[in-house]
Amino acid sequence: MSNDQDPWIACYRALLPWTRRFQEGDSHRAVRIAVERSLVTLWGGLDPERPATDADVHAIVAACNAYHQGWFDAVIGTEARRTWPDGERWPFSLWVWQDSSRGHGRGRAFRDTIGEHLDFFARFRFQSTLDLVGYAEHAARAATGAARQRAADAVVDVLEQAWTRVDGWGWDDAGWYEYIEVEELVGWTMAALRIPGLIPSEAAERVYRIAEQGAWDGWSEWSSKRPPAPFLAQAAQAVADCVR
């Protein structure tokens, strides 16, 4: 399989321009405006202070889902879904939208008002993915040398930088590698390197398995200032070995 046959490549190319044109506040504001307009059409008006019912929240969530499915289809494209129907190889943050027939939940009232539920639900769900793509592009641009060295250096850089962004978070409900989004960061970074023959989905899976199965003597996620050094070394070697 060539890297042009990997969905990470196509998704990366589609998303990269949006990392530059879509500031975080703008992306959330666009969702909020679209959802509110949908609700005005549905309800004939919108009072953010009105107490929310389950039916109200179902409508909010449905409008949010419709916005995001439409954005996904417009940016990623239905052609990509036909070319790569196997969701197993898609970036995790995108594969749930790859099948447009899949539901994304209905929601229920758990706060007091319509406005409070809009604050919670009407936010751009792809913002974190765009952030990861931006981090990957930065790491790829900073990497120099031969292809294998660029891959190794870029993955260490992007993972170390990720650690600084979550430093101080709790680690009580998921593995540390889930918190720093190892699999997605590696996949996007490999796509950003644009190295012929390098398959991002393969590299991402290899590094994720290393993180998931590793036991790092003398290292604790609670007190360490960076990911475990043996993990970084193994991750660097793993992605370098993916360069053919």
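Brief remarks follow.
- Taking the helices alone, the chain has a mean residue ellipticity at 222 nm of -20500 deg cm²/dmol, built from -39,500 (n - 2.57) per DSSP H run of at least 4 residues and averaged over all its residues.
- From the alpha carbon centroid of region 5-20 to that of region 217-244 is 26 Å.
- Take Ile33: with every protein chain present and a 1.4 Å probe, its accessible area is about 70 Å².
- Glu205 contributes about 80 Å² of solvent-accessible surface, heavy atoms of the protein only, 1.4 Å probe.
- Against the criterion of solvent-accessible heavy-atom surface with a 1.4 angstrom probe, Trp43, Trp222 sort, most first, into Trp222, Trp43.
- In this Cβ point-charge picture (+1 for Lys and Arg, -1 for Asp and Glu), region 160-221 has a dipole of about 380 debye about its Cα centre.
- For the chain, the Cβ-based charge dipole about the Cα centre amounts to some 740 debye (Lys, Arg positive; Asp, Glu negative; other atoms uncharged).
- Net charge of the neighbourhood of Asp119, taken over other residues with C-beta under 10 Å away and scored Lys/Arg +1, Asp/Glu -1, is +2.
- Rel. contact order, % - alpha carbon contacts under 8 angstrom, at least six apart, the chain: 25 percent
- Accessible area per residue (1.4 Å probe, heavy atoms of protein chains only) ranks Tyr12, Tyr135, Tyr208 as Tyr135, Tyr208, Tyr12, with the largest value leading.
- Mean Kyte hydropathy of -1.0 or more with a Cα span along the axis of at least 24 Å, helices from DSSP in the chain: 24-43, 54-75, 147-166
- The listed residues Trp90, Trp95, Trp84 rank as Trp95, Trp84, Trp90 when sorted by accessible area, largest first, using a 1.4 Å probe.
- Thr113 long-range amide H proximity, modeled H, under 5 Å: Ala52
The values are calculated or read from the model by the stated rules, or taken from the named source; none is laboratory data. Worth saying up front: this structure is predicted, and the values here are computed from it rather than measured. Note: ideal-geometry Cβ built from the backbone for every residue, glycine included; neighbour counts use all protein chains shown. The protein model used for the area step is the full one, side chains on, heavy atoms only, and it has no ligands, DNA or RNA in it. Shrake-Rupley method; radii C 1.70, N 1.55, O 1.52, S 1.80 Å.
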